[in-house]
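Asker: Here it is: the structure, laid out below.
The values are calculated or read from the model by the stated rules, or taken from the named source; none is laboratory data. A quick note: this is a predicted structure, and the numbers were derived from the prediction, not measured. Note that each Cβ is placed from the backbone with ideal geometry, even for glycine, and that neighbours are counted across all protein chains shown. All accessible areas refer to the heavy atoms of the entire protein, side chains included, with ligands and DNA or RNA removed. Shrake-Rupley method; radii C 1.70, N 1.55, O 1.52, S 1.80 Å.
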Amino acid sequence: MTDERFAFVVVSNRLPVDHVIAEDGSASWKQSPGGLVTALEPVMRLADGAWVGWAGQPDVDLPAFTHDGIRIVPLALSDAEIENYYEGFSNDTIWPLYHDVIVPATYHRDWWDSYVEVNQRFADATAAIADDGATVWVQDYQLQLVPRMLRLARPDLTIGFFNHIPFPAYGLYSQLPWRTQIIEGLLGADVIGFQRVSDAGNFSRAVRRLLGHTTKSPYIDVPPDGDLPARRVVARAFPISIDVEAFEELARSPAVQARATQIRQELGNPKTVMLGVDRLDYTKGIGHRLKAFSELLEDGRLRVEDVTLVQVASPSRERVETYKHLRDDIELTVGRINGDFGTIGHQAVNYLHHGFPREEMAALYLAADVMLVTALRDGMNLVAKEYVAARYDEDGVLVLSEFAGAADELKTALRINPHDIDGLKDAIMQAVDMPRAERRKRMRSLRKRVRENDVQHWSRGFLRTLSEANDGVDRFGVDLDPLGDLEWTVERPPAS
Ligand code: G6P
């Protein structure tokens with residue numbers, strides 16, 4: 001821990017950097033996987049605050065340090081906590097439940113106990129470094145109890161929470177044995193942000209059903225809670241985004257362009273390169289995508305000489321049973337497709353089970369004629385936005401699942417229902433055959449939307465709402481003025 005105090009603190013399960021120990025025992029820091037880091041790193045650089053989180057390895061108990069301009073405060077998790085709080089409750093209870101139970105959610109009381117304990121530890125660590133009247137921004141489903149724990153310990157703080165994943169309909173949410181505690185935990189925040197309007201609606205409905213509080217979108221009136229006075233909480237959508245400018249700049253760099261050309265050459269210069277980029281997660285619909293693709297080859301609507309599907313599937317949560325099964329399923333399917341349709345010179349699916357640096361991702365996006373985002377449920381899907389940001393040439397077709405949050409904004413993508421395999425196949429063919437003029441028209445409009453709502457816009461919108469929900473005083477050290485359109489700004493709630 002540290003004696004320092006900060007006016008702005010971000011709290012997330014993972015730090016933006018993972019502590020990696022090499023085989024020779026040497027330790028280093030590497031950028032963490034996942035969209036959260038991509039989204040928040042630029043904000044932190046602006047805000048000059050601290051970031052509390054786990055270093056990605058068991059028992060890493062290190063003092064605070066500065067990495068790449070960001071003050072990092074690591075919090076240690078034991079092996080048992082990783083198993084129960086992280087792999088168990090976070091990723092085998094909440095994750096499947098909040099993603100519409102694509103796989104069954106598992107309920108274990110000892111996982112819950114660990115979740116409570118670890119959330120308390122995050123709250124304590126944050127309370128210890130937050131300055132008087134500081135602003136704390138808690139991130140994501142692993143830490144839903146932290147807002148209330150923090151408010152009880154430090155009523156002087158302004159507390160925001162952002163849920164990066166969907167919030168399920170009450171019919172599903174009500175399965176959770178600890179459904180009331182979680183809602184109460186979240187209501188400790190002044191502002192609760194969601195990806196989609198429907199997520200915020202689901203949350204407010206759960207609050208009404210379980211606690212009977214009055215809600216009038218976007219407000220929820222929370223009655224006095226012990227020593228805490230009555231409060232008015234804001235719950236609404238703030239669709240997250242990416243650092244569009246930085247991504248486009250990367251795509252424009254000569255090295256990335258050269259690499260994109262090289263990728264196409266290495267793939268044998270097929271007429272069409274299709275691309276999927278996902279964490280290897282059952283929510284992403286990778287199996288549905290492979291099924292549609294293999295049927296198109298089978299039907300003869302696509303020929304392996306003309307088309308290659310590059311599937312990047314970055315390793316994720318590998319000790320959780322459902323993820324192990326998924327990997328086996330996907331790898332079996334890829335093997336079958338390649339066995340059935342591949343020729344000596346042409347591989348149907350180029351499957352890559354690694355993460356890649358941003359430069360390589362940008363090159364892949366530039367090399368891909370068709371980007372396939374077929375998620376069965378996804379909070380936002382930043383890959384879709386990265387693809388659009390990279391396509392400064394106004395080319396490429398985005399096939400986008402309506403079950404990804406990004407579908408609310410990216411309206412000129414080819415929207416699909418991944419469960420409808422025939423519909424998905426037709427959309428893939430439409431993408432493959434789309435004339436240049438239509439590709440340009442659609443991509444232009446996607447790019448306009450993604451440029452308008454970049455990650456700076458997202459974070460400023462959230463922080464401004466947070467300051468307005470409190471007393472309008474800007475204490476984030478972030479210039480909140482140049483927000484552009486004020487789509488997300490809510491009127492300050494009348495004093496109650
Ligand atoms: C999603 C979640 C993040 C998480 C990321 C990677 O994007 O919303 O909170 O960090 O996946 O998953 P992991 O379990 O490796 O942190």
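Asker: Which residue is surrounded by the fewest Cβ atoms within 10 Å (Cβ to Cβ), if the candidates are limited to the stretch 47-67 and must be touching a residue at least 40 places away in the same chain (Cβ under 8 Å) and of a type outside the set (A, V, I, L, M)?
Answerer: Filtering first and then ranking leaves PRO63.
Asker: At least 1 residues that are open to solvent by less than 10 Å² (accessible area, probe 1.4 Å) and of a type outside the set (Lys, Arg) in each: list the strands (runs of 3 or more DSSP E) lying fully within the stretch 187-252 that qualify.
Answerer: Here the list reads 191-194, 219-222, 231-237.
Asker: Can you find a residue that is of a type in the set (Lys, Arg) and closer than 28 Å to PHE8 by Cβ anywhere in the stretch 169-191?
Answerer: Taking every residue of the stretch 169-191 in turn, none turns out to be of a type in the set (Lys, Arg) and closer than 28 Å to PHE8 by Cβ.
Asker: Do any helices (runs of 4 or more DSSP H) entirely within the stretch 370-457 hold 3 or more residues that are touching a residue at least 40 places away in the same chain (Cβ under 8 Å) and within 16 Å of the ligand (Cβ to nearest atom), and if so, which?
Answerer: Result: 382-390.
Asker: Hey, another quick one. So, in the stretch 46-67, exactly how many residues are more than 19 Å from the chain's Cα centre (by Cα) and over 18 Å from THR2 (Cβ atoms)?
Answerer: Total satisfying the criteria: 4.
Asker: Within the stretch 91-119, work out how many residues are within 15 Å of GLN181 (Cβ to Cβ) and of a type in the set (Gly, Ala, Ser).
Answerer: 1
Asker: Kindly establish whether GLY379 is within 30 Å of THR106 (Cβ to Cβ) and surrounded by 20 or more Cβ atoms within 10 Å (Cβ to Cβ).
Answerer: Yes.
Asker: Which residues, taken from the stretch 279-296, are open to solvent by 10 Å² or more (accessible area, probe 1.4 Å) and under 16 Å from VAL312 (Cβ atoms)?
Answerer: Those that are open to solvent by 10 Å² or more (accessible area, probe 1.4 Å) and under 16 Å from VAL312 (Cβ atoms): ARG279, LYS284, GLY287.
Asker: Please go through the stretch 30-46 and pick out each residue that is crowded, with 18+ Cβ neighbours inside 10 Å and either modelled with pLDDT of 85 or more or in a loop (DSSP other than H, G, I, E, B) (or both).
Answerer: Within the stretch 30-46, SER32, GLY34 qualify.
Asker: Checking ILE182 against (1) within 18 Å of TYR86 (Cβ to Cβ); (2) away from the ligand (no atom under 15 Å from the Cβ); (3) touching a helix residue (DSSP H, G or I) at 6+ places or on another chain (Cβ under 6 Å), which test does it fail?
Answerer: Answer for ILE182: the failing condition is (3).
Asker: Give the residue that is farthest from VAL118 (Cα to Cα), with candidates limited to residues of the stretch 89-101 that are within 16 Å of the ligand (Cβ to nearest atom) and out of contact with any Ser or Thr (no Cβ under 7 Å at 6 or more places or on another chain).
Answerer: That would be ASP100.
Asker: I need every pair where a residue in the stretch 107-135 that is among the hydroxyl-bearing types (Ser, Thr, Tyr) has its Cβ under 7 Å from the Cβ of a residue that is open to solvent by 70 Å² or more (accessible area, probe 1.4 Å), sequence separation at least 6 or different chains.
Answerer: Here the result reads TYR107/PRO177, each pair linking the stretch 107-135 to a residue that is open to solvent by 70 Å² or more (accessible area, probe 1.4 Å).
Asker: Given the structure, is VAL320 open to solvent by 10 Å² or more (accessible area, probe 1.4 Å), under 30 Å from ILE82 (Cα atoms) and hydrophobic (A, V, I, L, M, F, W, C)?
Answerer: no
Asker: While we're looking at this one, here's another question. From ARG289, ARG279, ARG301, ARG317, grab the single residue that is within 16 Å of the ligand (Cβ to nearest atom) and out of contact with any Phe, Trp or Tyr (no Cβ under 9 Å at 6 or more places or on another chain).
Answerer: The conditions single out ARG279.
Asker: A follow-up question, please. Within the stretch 141-149, is there a residue that is of a type in the set (Lys, Arg) and assigned to a loop (DSSP other than H, G, I, E, B)?
Answerer: no
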